[in-house]
């Protein structure tokens, strides 16, 4: 029965029952964590080859008499660029190989805009009197933090089930001070949404007042399916070529959650003009990235089929955890009318919306009972959830036993927070 | 006998003899290279352990339940910070561990100044109407290229046998638009000069008009001695603490020429306020650097004594090459009065000064005879050698046979260039 249909007495009784349950959790002294979007140790073990497989000196000999151990090959090994081309469909000559962090490539790309301007900028962004960036929300806090640090005004944009609200995006892009937008187009962090073909096409075809409008296309979860059949994401560069807007898109991905988060291989891809500018700036700013780690990755994952096999092993481990979380959420919160949540087909998160004004209180109640949740507001620009309702749940890192317990603490906390509000009103 | 004391006829005869020798080199079709400051393959083989030694899962377990394979530990492994502390004498809490490129850390440091300002900046450097940077010359082209790209006016400063001309540095630092200086304080690129205690102390104690004057202290060759006993370099942070100028210094080094140029470990160190700002900015701009490569390095080089052993092996290979070059230079150019050169006790370069106005012509003659030299002017800000006399020689990368031949082509080219000039006058 929905809370809204229950009598005050029934609500009070339910409150007392849950209060007692919560108190038991508090006294049990648990230390659990649902905040960390990290692979668990059993997933990391799937990449033992990176720790143990030796590289031969012969593997280091590259075309043109170059040696992978020495300086050189600043754009990345041709084989690694081809590898990413086969995963993304983007031509290898538009692909740049970085270090272990795609976030670092995103930062470097936006810093390039700040200091020198993008391919079609009238001036460097740091000389713009006012600059704004669109932030589909709920979204990824580390994205928002970068544009906040670089002095952009962050404009939230609503997320729908097929991607950002494109009417809103197009309306906002009519302001020349709006210089771009953050996107996680597949299994979005935290909603799990994959952008529809229509949304992707609108990104490629839409009019923007700023000639240097930049779409930060962070395809972090491109092969991170929970089911055998992944969700379909359209090839944004194919649409962009058709629309003549290739320079608008900066594409990023990495093997952080294919192999190892601390020691993966990141990539970026750009339109041809932007690629040349990126290569020039990076050529001044670094001696190039670690090519031995590229060799290690190519040895372990020589092609897209090897990646698919690896991701099926991850999925087998992750699926059970997403199921545990889903089961507890539907058992404890289903039908009460106090919460909705996502049912992602991939990625690392479940997004939970509780009754307006109850997310912060849920966070506090969970913390008292020993469960750390992602800071409320973290999924919104500048850390402000206007309706105080969204919680990002990360089920991947705890063990299954810990996850089950943490989920139960969570649902007790959600119900208590909502009941407190109902009983106070 | 010096060229200046020879008759015109004797000079002409010498010219004809060398012209014939040069022609023989041209016809022999050599393809040799003295331009690349890279370790040779036999040096890279000294770090095979990085390619072949496995890491155990147990090695990955870090304090606080962290796992080196996963996200986290953004400042670098405590053991790696302690390792660099033992090599440099800098307190570990001021040391930041980067990826494989110290040049990248230098760029990121100066970009931080551009976008946000350094610890004591009145405003971000990008908002300064005019900004200048001091460039001791001859120096390192990649340093100069960074400040040039960031829009600094590059001011050359003379190099003396004990470091930069400090009277000139102090005079120029009285201009508030001068925001800093590049330094390679030990075995300078390309002169091989190690800064004297007096020079180091003057850097720490001097007055600067800019409150955010920044000394980019690139100690790339800190343990890169050719002889058993290396040259002494004073501890700049010790002097700076004494003078209250710790925030002035940004210190950099890496294992690029201890282990592998493409896959080493870079570090930076800062004054306490600057360290906090660096850690904050890097915390926004990356998920952190590759900790597995840090583990690999700690396994191969657990302490300073292991580094000394490794560097003695490098020295044994390098010493022979520096001797070959020195022998040919003194045999062919000694006593002619047309060239002087350095006799470095470490590092990767010999700096050759020929008669004014003859460096470019030497470069061309060597190229005709199949020997690539570093572009003339590369060692000066904006690529302009005002006296057209300096050539940077890199003897480390060719084999001993190639080096001997290349050095002979070089000395023939130097003499021809000088004789051409003398005979035309």
Is it the case that some residue within segment A:7-25 is under 28 Å from residue A:317 (Cβ atoms) and either in the same structural domain as residue A:289 (by TED's automatic domain parsing) or over 26 Å from the mean Cα position of the chain (by Cα) (or both)?
yes
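With A:122, A:74 as the choices, which residue is modelled with pLDDT of 95 or more and away from every other protein chain (no Cβ under 13 Å)?
A:122
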Please determine, by comparing only the residues of segment A:233-262 that are part of a loop (DSSP other than H, G, I, E, B) and away from chain B (no Cβ under 14 Å), which one is farthest from residue A:322 (Cα to Cα).
A:244
Of B:138, B:122, which residue is surrounded by fewer than 19 Cβ atoms within 10 Å (Cβ to Cβ) and in the same structural domain as residue B:168 (by TED's automatic domain parsing)?
B:122
Any residue that is within 19 Å of the chain's Cα centre (by Cα) and modelled with pLDDT under 95 - is there at least one of those in segment A:262-276?
yes
Scan segment A:3-21 and tell me whether some residue there is out of contact with any helix residue (DSSP H, G or I) (no Cβ under 6 Å at 6 or more places or on another chain), at the interface with chain B (Cβ under 9 Å from one of its Cβ atoms) and in a loop (DSSP other than H, G, I, E, B).
no
Has segment A:237-245 got at least one residue that is touching a helix residue (DSSP H, G or I) at 6+ places or on another chain (Cβ under 9 Å), crowded, with 24+ Cβ neighbours inside 10 Å and touching a residue at least 24 places away in the same chain (Cβ under 8 Å)?
no
Filter result for residue B:108 (touching a strand residue (DSSP E or B) at 6+ places or on another chain (Cβ under 6 Å) and either in contact (Cβ under 8 Å) with a residue 40 or more places away in the chain or farther than 20 Å from residue B:210 by Cα (or both))
no
Kindly indicate whether any position in segment B:184-196 is farther than 23 Å from residue B:129 by Cβ, at pLDDT 95 or above and outside any loop (DSSP other than H, G, I, E, B).
no
Residue that is surrounded by fewer than 23 Cβ atoms within 10 Å (Cβ to Cβ) and modelled with pLDDT of 95 or more, where the choices are B:405, B:365:
B:405
Do you know which residues across segment B:263-311 are touching a strand residue (DSSP E or B) at 6+ places or on another chain (Cβ under 6 Å) and within 14 Å of another protein chain (Cβ to nearest Cβ)?
B:264, B:266, B:268, B:278
Got a number for residues in segment A:94-111 being within 11 Å of chain B (Cβ to nearest Cβ) and not in a helix (DSSP H, G or I)?
4
Could you please let me know if residue A:61 is surrounded by 15 or more Cβ atoms within 10 Å (Cβ to Cβ) and either modelled with pLDDT of 95 or more or within 14 Å of chain B (Cβ to nearest Cβ) (or both)?
no
Which condition does residue B:188 not pass, out of (1) within 14 Å of chain A (Cβ to nearest Cβ); (2) under 16 Å from the mean Cα position of the chain (by Cα), if it passes all the others?
(1)
Scanning segment A:136-154 for residues that are more than 10 Å from chain B (Cβ to nearest Cβ), assigned to a helix (DSSP H, G or I) and within 11 Å of the chain's Cα centre (by Cα), the one modelled with the lowest pLDDT turns out to be A:141
Would you check if residue B:277 is closer than 21 Å to residue A:69 by Cβ and in a helix (DSSP H, G or I)?
no
Check residue A:230 against each of (1) crowded, with 19+ Cβ neighbours inside 10 Å; (2) in contact with a strand residue (DSSP E or B) (Cβ under 8 Å, 6 or more places away or on another chain); (3) away from every other protein chain (no Cβ under 11 Å); (4) modelled with pLDDT of 95 or more and name the one condition it does not meet.
(4)
Among (1) in contact with a strand residue (DSSP E or B) (Cβ under 8 Å, 6 or more places away or on another chain); (2) within 14 Å of chain B (Cβ to nearest Cβ), residue A:36 falls short only on (1)
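The values are calculated or read from the model by the stated rules, or taken from the named source; none is laboratory data. Everything quoted here is computed from the prediction, not taken from an experiment. Using ideal geometry, Cβ is built from the backbone for each residue, glycine included, and neighbour counts are taken over all protein chains shown.
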